[in-house]
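To start, the structure itself, in structure tokens.
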Amino acid sequence: MSISNTNWIELAQKNEFDLKGDVFSILQDASNRIQNAPADDPELLATIPRLADLMARRNELQSFSEAFSALARSVGLWNYIDRSSASAQDELAAERATIPGLGLTLHREQLSALHTLASGKNLILSAPTSFGKSILIDALLYQPKFRRVAIVLPTIALLDEFRRRLITRFGETFDVLMHHSEKASREKVIFLGTQERLINRDDLGTLDLVVVDEFYKLDPHRKDDRSVTLNAAVYKLLSKARQFFFLGPNIDGVLTSEGSRWRFEFLRTRFSTVAVDTIDLKSVSNKDVRLHQEIKMQSNWPALVFVSSPDKANKLASDIVENGTKLGNGTALSKWMADNYGGKWELSEAVAAGIGIHHGRIPRALASRFVKLFNDRKIPVLICTSTLIEGVNTAAKSVMIYDKTIANRPYDFFTFSNIRGRAGRLGKHHVGQVYLFHEPPDHEDVEVTAPLFGDPEQAPDEFVVHMDDVDLSPVVSDRLADMAERVGLEPHQIRRFSGLGVETLVGLRAAVGAAVRARAAIAWSGRPSYDNLAATCEVICKVTKAQVFGCGSARQLALYISKLRQSATMKEFYHWHSESYKGLPQRIDNVFKFLRAAEFSLPEYFAVVELFAKINMPSRTLDYSLILAELPRWFRDESLKILEEQGVPIQISERFLRNGDTVTTLGTRLRAIALNEQSQMSAMERQWIADAIPR
């Protein structure tokens with residue numbers, strides 16, 4: 001028997017005699033293949049996790065442990081070496097690849113990347129999802145040469161995941177900062193942030209290392225609205241850094257222009273730590289019925305179900321509930337959701353049936369809770385959109401790729417590969433399963449074209465406004481001058497609000513001018529009246545549709561802001577919304593889209609309107625500073641918002657808030673209360689808080 005013709009599912013069912021014979025043949029074939037196959041031959045590498053999975057299930061194979069460890073050493077998967085049964089040579093190989101202080105054993109390609117970085121070179125790494133890229137960041141932080149580090153991550157969810165891990169491993173030696181209000185008190189510091197947060201930090205100093213996760217987002221062709229801001233933020237960081245390290249999946253190349261300022265080594269590898277079985281369901285006539293059948297199969301759990309949009313995720317969850325399917329017991333969390341968000345949200349019924357949902361409209365603390373319960377197998381099925389493929393780590397055994405689009409656009413091979421790569425997890429599920437309900441996209445090579453590495457004369461306006469004078473050519477300088485005249489702002493002002501887009505700034509300039517001529521009520525200071533809010537929202541929605549902010553109209557946007565401000569608690573706001581909501585049940589969660597907009601984009605719009613209003617009405621007194629400060633934190637104490645990003649729902653934390661609280665004092669109090677069985681929290685709430693605030 002050879003590796004290529006092995007049916008691993010049938011092999012696992014064989015009697016002891018045949019099983020041992022076949023495994024012996026596989027080990028022989030793999031040993032021979034090592035001599036001729038490429039170092040990252042996927043089929044050869046996959047033999048290791050497949051054998052590990054088989055040996056874990058069939059105890060009679062333990063006699064092969066030493067041979068298995070020898071094979072793992074030969075292919076470079078040293079983290080699979082079983083030291084209790086390995087030969088001295090194999091044990092030594094694993095020992096050499098282990099970082100004692102972290103308890104991590106690296107594989108060959110991880111060690112190669114680490115050596116490149118340790119030598120002081122810049123590195124861009126492209127590797128499969130299951131490569132173990134995050135471990136490399138931890139291995140670097142363990143080295144004393146890296147004392148000031150900035151890490152750019154694409155989402156708040158990923159920020160929080162990193163924060164928990166880094167504080168657990170490095171909290172004794174590093175300050176880990178996520179917010180502008182947090183300041184370093186020690187020499188060693190890690191700045192964690194999205195591009196929008198890091199681009200405006202003024203305390204970065206000289207950085208020893210800049211890490212950019214999911215670096216493919218630098219390419220504007222990937223239709224990410226935030227890519228230009230990411231380029232600008234990374235440009236700023238690299239200008240302060242001695243070294244950089246970019247990570248991402250399944251990229252074949254990075255294009256740079258001749259004479260690019262930045263130099264780096266590019267490492268592309270197919271090295272993976274898990275194997276994947278593909279189950280072809282493309283020809284199934286009734287895919288809905290088959291999906292419901294597969295979801296019920298415990299052998300598939302924990303399972304991710306990929307769908308195209310939040311509405312589709314909500315609809316699928318409702319359908320599963322209507323069919324009477326019950327996969328787990330989420331009753332306590334379901335009741336809590338109904339009590340704290342209002343009774344109209346259908347998701348609470350899905351949660352009661354053991355089904356979670358993960359998409360951009362789910363409240364951050366709740367989404368974090370779903371992932372935690374999913375990884376703990378308390379919620380066996382998680383229906384997700386593309387939000388979960390942006391680096392959030394799960395312990396999924398199976399991925400069911402049910403849709404072939406993202407927001408009505410077919411996804412490409414790169415995105416498909418990222419979704420598929422979520423199946424399997426080192427140490428938990430050596431062999432993952434991918435269920436294909438549609439034909440996958442044709443294979444195509446993916447190259448990243450980032451303005452950061454390209455010709456500045458070809459770069460977007462929103463990027464070149466951030467460039468240093470030393471990097472500007474005469475052509476780009478002239479272009480910046482033309483831009484300033486067209487927008488009607490100074491270059492530093494354009495730079496400050498470039499995240500909205502230059503054309504949006506031009507549109508807002510015109511809209512504010514028209515509002516001034518119409519004597520709209522946008523000249524206000526301090527606490528705006530409802531009419532002030534409505535007039536300002538009308539200006540904003542002339543340029544950007546209200547739907548972008550989760551509302552149906554400018555007046556509804558003003559109403560949401562007004563009610564958010566008036567509500568004494570977030571629970572009160574959610575209940576007002578639930579009781580007054582008249583739209584489609586599947587879209588009731590658009591209120592969370594509004595709250596996300598209130599955190600960042602809406603204040604940016606308000607600030608630009610204020611800027612142009614002051615230019616148009618120099619004799620009037622305008623001051624939007626109060627709402628610019630309060631809207632991003634939903635008119636609550638800042639400590640509540642920061643804890644919400646760390647997975648603590650505001651509906652719990654605001655019950656225990658005291659005057660003068662900081663994040664530290666409130667967090668410490670919440671954890672103490674959570675650890676007290678006689679506290680005012682329910683058992684479910686106590687566990688939630690204890691998980692969100694581990695120390």
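The values are calculated or read from the model by the stated rules, or taken from the named source; none is laboratory data. Computed from a predicted model, the values in this text were never measured in an experiment. Glycine gets a Cβ as well: all are built from the backbone with ideal geometry, and neighbour counts include every protein chain shown. Heads up: the accessible areas ignore ligands, DNA and RNA and are worked out on the full protein's heavy atoms, side chains in. Shrake-Rupley method; radii C 1.70, N 1.55, O 1.52, S 1.80 Å.
Overview of values
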read-out: Simple Cβ-charge dipole of the range 492-564, Lys/Arg +1 and Asp/Glu -1, about Cα centre, in debye nearest 20; value: 100
read-out: For the range 336-376, alpha-carbon Rg and Dmax in angstrom; value: 9.9, 28
read-out: Helix 227-239 axis, angle to the chain major axis (alpha carbon atoms, nearest 10°); value: 80
read-out: Bins of 10 Å from zero: percent of alpha-carbon pairs in the range 40-105; value: 22, 51, 25, 1
read-out: Accessible area in square angstrom per residue, the chain, 1.4 angstrom probe; value: 42
read-out: Cα centre as origin, Lys/Arg/Asp/Glu Cβ charges: the chain dipole, Debye; value: 1820
read-out: CD proxy at 222 nm, helix term only [per DSSP H run n ≥ 4: -39500 (n - 2.57); per residue of the chain; nearest 500]; value: -13500 deg cm²/dmol
read-out: Among Gly660, Ala232, His115 the positive-end extreme of the charge dipole of the chain (Cβ point charges); value: Gly660
read-out: Volume per residue of the C-alpha convex hull in the range 111-223, rounded to whole Å³; value: 123
read-out: GluC sites (Glu not before Pro) within the range 420-481, DSSP loop, no more than 11 other Cβ atoms inside 10 Å; value: Glu444
read-out: Of Asn393, Gly421, Thr405, farthest towards positive along the dipole that unit charges on Lys, Arg, Asp, Glu beta carbons give the range 391-527; value: Asn393
read-out: Unit charges at the beta carbon, dipole of the chain: most positive-side option, Ser477, Val434, Phe191; value: Phe191
read-out: Rg/Rh ratio calculated on Cα atoms of the chain (Kirkwood radius); value: 0.98
read-out: Degrees, to the nearest 10: 474-487 long Cα axis against longest axis of the chain; value: 50
read-out: nm² value of the averaged projected area, convex hull over the Cα atoms of the range 202-322; value: 12.6
read-out: Phe246 long-range amide H proximity, modeled H, under 5 Å; value: Leu123, Ile124, Leu125, Val212
read-out: Cα centroid separation - the range 422-475 against the range 476-515, whole Å; value: 27
read-out: Kirkwood hydrodynamic radius over Cα pairs of the range 370-425, then Stokes diffusion coefficient at 37 °C and 0.692 mPa s, in µm²/s; value: 275
read-out: Solvent-accessible area, 1.4 Å probe, carbon plus sulfur percent, for the range 235-388; value: 46
read-out: Share of alpha-carbon pairs per 5 Å distance bin for the range 561-649, given as whole %; value: 3, 12, 19, 21, 17, 13, 8, 5, 2, 0
read-out: Using alpha-carbon coordinates, inclination of helix 310-322 to the longest axis of the chain, degrees; value: 60
read-out: Calculated Rg and Dmax of the range 157-243 using C-alpha coordinates, Å; value: 13.3, 41
read-out: Separation between Cα centres of the range 338-366 and the range 134-159, rounded to whole Å; value: 32
read-out: Rg to Rh quotient for the range 62-174, alpha carbon positions, Kirkwood Rh; value: 1.02
read-out: Where only C-alpha atoms are counted, convex hull volume of the range 286-416 per residue in Å³; value: 106
read-out: Overall Cα dimensions of the range 396-485, principal axis frame, Å, largest first; value: 56, 33, 22
read-out: Anisotropy class of the range 480-591 from Cα gyration tensor, a/c 1.5 cut; value: prolate
read-out: Spread of Cα-to-Cα distances over 10 Å intervals beginning at zero, given as percent, for the range 495-545; value: 26, 48, 26, 0
